[in-house]
Amino acid sequence: MKRRNFIKGMLYGTGGTMALMGGLGTFSKMDTLKAEAINTDTTVFSSCEICRNQCPIAVKVKDGKVVKIEGNPNDTAFGGVICARGNAGPSLLYDPQRIKKPMIRTGERGDGKFKEVSWDEAYTYIADKLYNIKDQFGGESIALASRKGPHDWFFRSIGKAMGSPNYFSHEATCPMTRNVALDTTFGTEAIAADYGNAKYIISVGRNWFEGIQVAQTRAVSKALNNGAKLVVLDPRFSVTASKGEWLPIKGASDLAFVMAMANIMINENLYDHDFIAQYTVGFDKWAEAIKDKTPEWAEKETGISQDKIIRITREFAAAKPKAILDFGWRTAYTSNDYQLRRAIMIVNMMVGNFEVPGGYYHNKGAAVLKRFPEQAAYVKALGGIKQPSFPTASKGRIDGTGVKGTPGQIFSAYDGAVGQITESILTEQPYPIKAWLVHRFNPYISNTDSSRTIEAFKKLDLLVTCDVYMTDTAYYSDVVLPECTYLERYEPIFDMSGLTPKFVLRQPAVPLVYSDTKPYWQIYKELGEKMGLGDYFAFTDMEDYLTQQLAPAGLTLDQMKEKGVWTPPGMKPFYVRANDPKASLDNILANKSKKIELFSEEAEEALKEGLPVYVSHPQPEEGKFRFVQGKVAVHTNAGTANIPVLNELMPTNTLWMNPASCTKLGLKNGDTIVVSSGKYEQKGQLKSTEGIRPDTVFCYHGFGRISPELKRAFGKGINDNYLLPNEIGVVGNNVTSTTFVTVRKA
Amino acid sequence: MDVTWGIGAEEIAWGGMIAIYLFLAGVAGGAFLTASLTDLFNKNQYSKVIRSGAYIAPLTIIFGLLLLVVDLGKPFSFWKLLLYVNFKSVMSIGVFIISVFSALSVVYGFLVWQKSTAERKLRQTSANAQVAATTSSKGLQALRKPVAAVGVLFSIGTATYTGFLLSAITTNNFWHTAFLGLESIPFLPILFLVSATSTGLAATLIGAVKCCDLTPYKKIDMVLIILEIILISILYLTADPIFFTGSMATLFWLGVVTVGLIVPLFLSIYGVSKHKNIVLPVCGMVVIGGLCLRYFVVFTGQLF
Amino acid sequence: MAKKYSMVINLARCIGCQACTVACKFQNNVPEGQYRTKTPANGIKGTYPDISTYFIKEACQMCQNAPCVSVCPTKASHYNEDGVVLIDINKCVGCKYCMTACPYDARFLNKETGAADKCTFCYEAKVSQGEKPACVSTCLGGALMFGDLNDPASDVSKFLANHKGEVRKPEFGTHPNVYYIYEGVVK
Ligand SMILES: Nc1nc2c(c(=O)[nH]1)N[C@H]1C(S)=C(S)[C@@H](COP(=O)(O)OP(=O)(O)OC[C@H]3O[C@@H](n4cnc5c(=O)[nH]c(N)nc54)[C@H](O)[C@@H]3O)O[C@H]1N2
Ligand SMILES: Nc1nc2c(c(=O)[nH]1)N[C@H]1C(S)=C(S)[C@@H](COP(=O)(O)OP(=O)(O)OC[C@H]3O[C@@H](n4cnc5c(=O)[nH]c(N)nc54)[C@H](O)[C@@H]3O)O[C@H]1N2
Ligand code: SF4
Ligand code: SF4
Ligand code: SF4
Ligand code: SF4
Ligand code: SF4
Ligand SMILES: [Mo]
């Protein structure tokens, strides 16, 4: 009952005086302001970018101003729905705290002194620096990192043209382990889950109701509405856990649970023999490998009673093939999550839930459909802009991707181990990195070991950041490039194919709000031209680019603008095995064996681990806590802590701790506490909650910002990555759940 | 705190301003009663009391209304309260009662002032001037007692209205408390009428300290205090205990009960029996107690 | 025939994502720091590991017997032709009497207009145009339904026909037009 805890100060008259000021305050405004509900003028179909899910949106524009954003009703998977963050778009668009002009550092790194410059000065500065560095240290000493996306084509062209092999996506901080697992099992990453039709869903930490992807979140809701069972493995009580059966598993022990499932399914003969026989290789080796991974054993490892493990495995198998053991999404919990994700997919294959409704499926983009005669007619592939070939790099990548017989053999050079950049800057191994171009990425908050990241920044000859805010990374940069927001720019068509092909458009809803900001395509085109690399950007403007892209698919820009999304008219969701459980998967599987490799030849070559091997990660001893993190529905990773409306909803994070542990430590809800990893400390506020294991503490990710220019978010909350070491996992992935911390009263 | 896992403190609608307003309206009512009744039923020996009450009433009610207006979200639209009427709304009705009362109290105050100045002149000046003075004011002075009489009704109306305003909120378990559990009889109007009369009387006496012997008034005040003690005890027995133990407990036990009732009661018993000029401390405390009471009621009703 | 607009909130489906909260702010220009609706967690019940919680959308309950309307001295608070409780901000003087009367804390004094403010079911901008309220159309969890209870074919009528809809604080006899479904959550 919130009324009870009112501000005591009001008691003796302050209430009155506050009202007094309020009362007079209104007078000055009175006639100018009215709370009329808005009746909108025009609707522009585009796509959201408050996170990288790019949900289709309908932007309501009134008198040249974006007044509201809704989901694009033309996309049935999204049904006109967007999340809280997507709804908050206008708040970012019109935020006066956005960066408005290019800036060049004048003071020491990190003391935040910049001078505003013209774009031409900024380009010139970057061009000169890059060429100097290239001459001195070679093009390979230039690293690029960005959040994976269509901007990469433009952004990376600069680095590639300078002869650098060192371009990175953020994937190593995100789904890297899952992607590599899919790659080495199916020969492709392009696999998704059909939650909407599932009858049984087990989450291995996947948190659909906070880690939101609108189509997925809605699909899971739909499944639950149709009576599907949801089981959630998570050391803390996530919103998702609150909607199903919560299994508070010991962190970092999930592989034991998954292996035990396989063990039970084999002992009780609950798996799909035909599927295994027809489509997979290595089952016998797998059976052998998990022989001793009994429920008893798993109970000790995971802290989940064997009865539960057995019951759930039986229920799961009984629901086959409409049963999904989810393969997860974000940053790895442990260094070898790669094998966790592999094991998860192997168990899935044991229930034969591939290419059937309610299971997993390969995305049905143009490239795949053209191999199916009866489907090929529905779609033609998008085109691209021709580029002259790039100079071949004189050295290999710093993260060793592509080197046979090493882990680098199996993780994609397109993504790479982004955590390696700071290491190579500081250790100069395998060779020094001198320049770092950062686009739409904030390593300080997003990559592990924030203070090591700062050290690295300080050692650089050139750090360039392109963002919409003066982020923590931008704050340490030599050049800051202000991009306009997604509501003010075109982008290449997004191919968001699922069970049917889907193209999504992004187009400006309004002209530039801050006239000196620019869209990335223009920034890198102009920078490229300044550097004499114009040939790599062979298009006049984005209308031209999009037209070239759409033409081969037989589509026009105007067509796309009409609805914002395009899917082949009349095409039904396409599951290869829907009607014929014996249908060939040769058109889907992209590996040499044309089999689903339970035993992966590549993994064997690269890691000497053709099958998942269980590593028992230590559990925290008394007095220490495993530190885990997660998404919150109203914020995006490093992106939104300073967006007015979202900051208002949640200005800071707290450290979750079980009341029993609080009592042991003499702490109580709301206390200001210090979290310590031994090496590093963060100050924060304690939240005492039954919703977490007593041996675990948790905080929402994305807080603890150090850039004073993020005036709303600055200095608020805990930066999780400040406490985590920059460990690079088996397939180049970050590691976020194996750090132990102590907590004390501040 | 964040919006998903729990939200911070909410502000309450009516704060100190309204509490003070209700208090002042009460004082005004009580003061007017004291003055007008004295004026109507008593020979002029208490003219100082009449003056004190007649001046305090308009001053306090006008200041009270000022606070009320300032507390509005749209202070400069206060006139719409007179333009749009809702007879289902106690506030709407109250607005009219109070307006009339304010007008009357101003007129009455003026008449009393006129009378007293006339009399002062009369004491200083010669016989024929005296005649002039009295005749000149005869016309208006004829209105004084009628105004006082009508004012009595409206001052009672005003005092009780401050109670009805709150008790009319049927969704408020505290404000809506019924008298001895009789649904039809709301409690607050009665309590506020008594409290108003006693605080008004007390304020008036403060203004009239250096007057003649005030013993009869002090006796009345004592009776009122005792009445109020009885009422408060009833409230305490009928209403939910949380109201008296929660965050408002101190204000209640210290301000309302101790300072406002118990101590003044003993002091005045002592004062009436022995000591003559113990008026100030007693009345002072009664007034403070009245203010505490309004604070207590206004906030408690919104906090629990 | 007059409408009886109603919102049905299926608590089992609500994920506390606050899409409704934000959509409402933009749809209705709600000032910074103020809200017509919020969807906080209803606390965590039980002790580790046997716990439960649910999220509950809070806003005007659209009482058919609305205290806020009866106490309003200026008739600024009123029922419109379709039984929706609305506030005429020109008549409103900001006396806050309605705020003291509302048993659901649904009202606030709009910082910018100085008038009382609350959920309007998006009547003017959406519902009267035949659209759903902003919060309903953006509801990510699929917890919100809206429609005319006088129309047996409406989503809300159909849903309430085979689910138990409950109103909040029935003891006050306010007869809300917002119904909560507790099936599948621990009340
Ligand atoms: N410890 C720990 N670390 C984690 C995670 C965790 O759970 N725990 N989560 C991980 C995950 S899953 C991910 S995906 C990463 C995400 O890491 P990031 O990709 O760094 O985070 P984002 O939130 O995507 O925002 C990146 C930057 O893009 C900027 N931005 C937004 N819109 C635009 C635009 O239009 N143009 C430009 N140029 N910039 C823009 C934002 O202001 C922000 O600074 O973090 C990872 N880090
Ligand atoms: N609102 C919102 N939605 C988002 C994002 C966002 O920032 N905000 N980001 C988007 C991005 S980039 C991504 S990658 C996805 C991520 O979506 P999810 O993968 O669902 O990410 P999280 O919400 O971080 O969920 C991770 C959960 O794992 C739990 N956990 C930690 N360690 C362990 C462990 O060892 N074992 C198990 N079983 N669980 C563990 C954490 O407590 C947390 O609840 O969300 C996307 N959607
Ligand atoms: S999930 Fe939300 S924030 Fe991310 S793109 Fe979709 S609407 Fe935007
Ligand atoms: S909920 Fe409150 S504001 Fe809404 S109608 Fe009922 S009383 Fe009025
Ligand atoms: S604040 Fe406005 S709506 Fe509420 S009671 Fe007063 S005048 Fe009526
Ligand atoms: S109906 Fe409209 S006003 Fe009411 S909460 Fe939903 S969005 Fe806000
Ligand atoms: S949008 Fe729907 S699911 Fe999300 S909080 Fe609001 S009511 Fe709940
Ligand atoms: Mo991610």
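For chain B, the relative contact order works out to 24 percent when only alpha carbon pairs closer than 8 Å and six or more residues apart are counted.
For A:Asp544 and A:Lys370, a Förster radius of 41 Å and the Cβ-Cβ distance give a FRET efficiency of 0.95, rounded to the nearest 0.05.
Couplings 3J(HN,Hα) of the stretch A:715-720, computed from phi: x, 9, x, 9, 8, 3 Hz, in residue order, whole Hz [Karplus 6.51 cos²θ - 1.76 cosθ + 1.60, θ = phi - 60°; x for Gly and Pro]. Taking 0.36 nm per residue of sequence separation and removing the Cα-Cα distance, the B:Leu59/B:Leu254 pair yields an extension gain of 67.4 nm. Computed from the Cβ-Cβ distance with R0 of 30 Å, the FRET efficiency linking A:Asp135 to A:Ser451 stands at 0.40.
In percent, rounded to a whole number, the relative contact order of chain A is 19, using alpha-carbon pairs under 8 Å and six or more apart. Here the calculated FRET efficiency for C:Lys45 and B:Ala103, from their Cβ-Cβ distance with R0 = 60 Å, stands at 0.55, rounded to the nearest 0.05.
Peptide A:502-512 has a mean of 0 when you count, residue by residue, the C-beta atoms of other protein chains within 10 Å of its C-beta. Need the C-alpha centroid separation for the stretch A:314-383 versus the stretch A:565-602, integer Å. The distance from the Cα centre of the stretch A:314-383 to that of the stretch A:565-602 comes to 9 Å. Partners of A:Lys243 within straight-line reach, counting lysines whose Cα lies under 16 Å from its Cα and excluding those fewer than 8 residues away in the same chain: A:Lys199, A:Lys222, A:Lys229, C:Lys45, C:Lys187. Distance from the Cα centroid of the stretch C:1-78 to that of the stretch A:37-98 is 23 Å (rounded to whole angstrom).
Provide the percentage of antiparallel DSSP beta bridges, counting only those with both residues in chain C; round to the nearest 5. Among the beta bridges of chain C, antiparallel pairing accounts for roughly 80 percent. Could you calculate the contour length gain from C:Ser128 to C:Glu81, that is, 0.36 nm times the residue separation minus the distance between their Cα atoms, to one decimal place in nm? Computed gain between C:Ser128 and C:Glu81 is 15.8 nm.
Exposure proxy shown here: for A:Ser118, A:Ser446, the number of other Cβ atoms within 10 Å sets the order, fewest to most, as A:Ser118, A:Ser446. The residues B:Cys292, A:Cys83, when put in order of fewest to most other Cβ atoms within 10 Å, stand as B:Cys292, A:Cys83.
Legend: ranking of residues B:Lys145, A:Lys624, A:Lys518 from fewest to most surrounding C-beta atoms inside 10 Å; resulting order B:Lys145, A:Lys624, A:Lys518. Taking every alpha-carbon pair under 8 Å whose residues sit at least 6 apart, the stretch A:137-187 reaches a relative contact order of 40 percent.
The modelled label-to-label distance for the pair A:Lys386/B:Val209, using points 7 Å beyond Cα in the direction of Cβ, is 10.4 nm. For the set A:Lys60/A:Lys129; C:Lys25/C:Lys96; A:Lys113/A:Lys745, the pairs lying more than 32 angstrom apart at their alpha carbons are A:Lys60/A:Lys129; A:Lys113/A:Lys745. Over the stretch A:542-632, the pair-distance histogram of Cα-Cα distances with 10 Å bins from zero comes to 11, 18, 16, 26, 20, 8, 1 percent, rounded to whole numbers. Looking at chain A, the DSSP beta bridges with both ends there are about 50 percent antiparallel. Between B:Val223 and B:Ser247, the simple spin-label model (points 7 angstrom out along Cα→Cβ) gives 4.1 nm.
Under 5 Å between amide hydrogens, built in the peptide plane, is the criterion, and for C:Tyr179 it picks out C:Met7, C:Val8, C:Ile9 among residues at least 5 positions away or on other chains. The tail of the calculated P(r) for the stretch B:175-303 beyond 18 Å holds 52 percent of all Cα-Cα pairs. Can you list the residues of the stretch A:367-410 with backbone N under 17 Å from a point 7 Å past the Cα of A:Asn587, pointing along Cα to Cβ? Residues passing the 17 Å test: A:367-381.
Across every pair of non-identical alpha carbons in the protein assembly as shown, the mean reciprocal distance, once inverted, gives a Kirkwood radius of 34.4 Å.
What is the gain in length, in nm to one decimal, between A:Asp307 and A:Glu605 on full extension, counting 0.36 nm per residue of separation less the C-alpha to C-alpha distance? This chain segment gains 103.5 nm when fully extended.
In this simple spin-label model, placing a label point 7 Å from the Cα along the Cα-to-Cβ direction at both B:Ala178 and A:Glu315 gives a separation of 5.1 nm.
Every number here is computed from the coordinates shown, using simple stated rules; none is lab data. None of the values given here were measured: they were computed from a predicted structure. Backbone-built Cβ (ideal geometry, glycine too); neighbour counts: all protein chains shown.
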